[in-house]
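Read-outs: derived from the displayed coordinates by stated rules, not from any lab. The structure displayed is predicted, hence computed values, not measured ones. All Cβ positions, even for glycine, are placed from backbone atoms using ideal geometry, and neighbour counts span all protein chains on display.
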Amino acid sequence: MVPEIQNYLQGFVVIQISGPVPEKFINLCLARDIILWNIGQAKDRIYAEVRLTDFFRLRPIVRKSHTRLKIINRRGFPFLVNRIKQRKMLVAGALLFLGLLFILSSCVWRVEITGLKSLDGRRIMAVVNQGGLKPGVWKKDVNTKQLEHEIILNIPEVAWTGISFTGTKAVIEVVEKTFAKPETKAPGDIIAGKDGI
C-alpha cells in the first residue's frame, strides 16, 4: 500500500517538539523505529508528523529527551469518522439530499417532441400520455419500444419515431411521411415550344 494512503487510513498527528535539545527526541524516535516525516524547524521548535499508533509510544521518549510535545493538527480517516459522529444531523441531511437527488433524477419531468413539420404535436402527446409517458413518471416504468410502436400505429403520418432520455427529459424524435403530390388527371392543352415539336 502507498505510504500516504496507509498514513491517512491509520490517522496521523502534526506535533510540535520544544525543549533544550529537540534533536535528541528525533534520534530516540529513530532508535525505536518510530517514523517521523515532514520534519521542519521554526525558531527553537521542531514540527513533524507521526502515525497515531506511534504517537502513544512517545511518552517515555519525551521524558528521556526532556522535551515537550504539543499536537498541532489531527488528520486521517479515524479523525474524519469522529467528526462525522459528532455531526449526525449534517450527515443525515447529506444522505437525505443525495437520496432525493437520486429519486428526482430517476423521473421524467419534461417531454419534448422534435422533427415535427406539419403534424400536430398534441396527437403524439395524447398517444404517449395514454401509454404512460408523462411528467412525474419513473423512467424505468416507460417501455420506449412499445410507445414507439403505438405512435406509428395510431398516427399514419409518422414514418419513424425514437424515444430517448436526456437527464430528466424524454425526447421523442419524429420523422414524418412524405406523400407524393397527386397527379392532375383533368384535360388540358399541350402547346409546343417550337413549330414541329
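Just report the Cα centroid separation between region 160-177 and region 1-70, whole Å.
For region 160-177 versus region 1-70, the Cα centre distance is 64 Å.
So how strong a dipole does region 61-188 carry about its Cα centre when Lys and Arg Cβ are +1 and Asp and Glu Cβ are -1, to the nearest 20 debye?
Details: 22 positive and 9 negative charges, 412 e Å.
Dipole of region 61-188, to the nearest 20 debye: 1980 debye.
Restricting everything to alpha-carbon atoms, can you work out Rg to Rh for region 72-166 with a Kirkwood hydrodynamic radius?
Values: Rg = 22.7 Å, Rh = 16.9 Å.
Reported Rg/Rh, Kirkwood definition of Rh: 1.34.
Which value in nm describes the separation of the simple spin-label points at Leu96 and Leu9, placed 7 Å from the Cα toward the beta carbon?
Using points 7 Å along Cα→Cβ, the separation is 3.4 nm.
Over all directions, what mean area does the Cα convex hull of the chain project, stated in square nanometres?
27.5 nm²
Please compute the modelled spin-label separation between Leu104 and Arg123, points set 7 Å along Cα→Cβ, answer in nm with one decimal.
In this crude label model, Arg123 to Leu104 measures out at 3.7 nm.
Give me the dipole magnitude in Debye, nearest 20, for region 1-67 about the Cα centre, with unit charges on the beta carbon: positive for Lys and Arg, negative for Asp and Glu.
So the dipole magnitude of region 1-67 works out to roughly 340 debye.
For region 83-89, take each phi angle, set θ = phi - 60°, evaluate the Karplus expression 6.51 cos²θ - 1.76 cosθ + 1.60, and give the result in whole Hz per residue in order, putting x for glycine and proline.
Along region 83-89, the couplings run 5, 5, 4, 6, 10, 5, 5 Hz.
If you take the beta carbon distance between Ala31 and Ile84 as r and set R0 to 45 Å, what does 1/(1 + (r/R0)^6) give as a FRET efficiency, to the nearest 0.05? Spell out each step's value before the answer.
Working: r = 37 Å, r/R0 = 0.83.
About 0.75, to the nearest 0.05.
Under the 0.36 nm per residue contour assumption, what length would be gained going from the current alpha-carbon distance of Thr53 and Asn38 to full extension? Don't skip to the answer; put the middle values down first.
Values: separation 15, 0.36 × 15 = 5.40 nm, distance 1.73 nm.
Stretched fully, the Thr53-Asn38 segment lengthens by 3.7 nm.
Calculate, in nm to one decimal, what Ile191 and Phe165 gain on full extension: separation in residues at 0.36 nm each, minus their alpha carbon distance.
My answer for the length gained is 3.6 nm.
Please state the Cα pair-distance histogram of region 31-98 with 5 angstrom bins from zero: what percent is in each bin?
Spelled out bin by bin, region 31-98 gives 3, 12, 18, 21, 13, 9, 8, 7, 6, 3, 1 percent.
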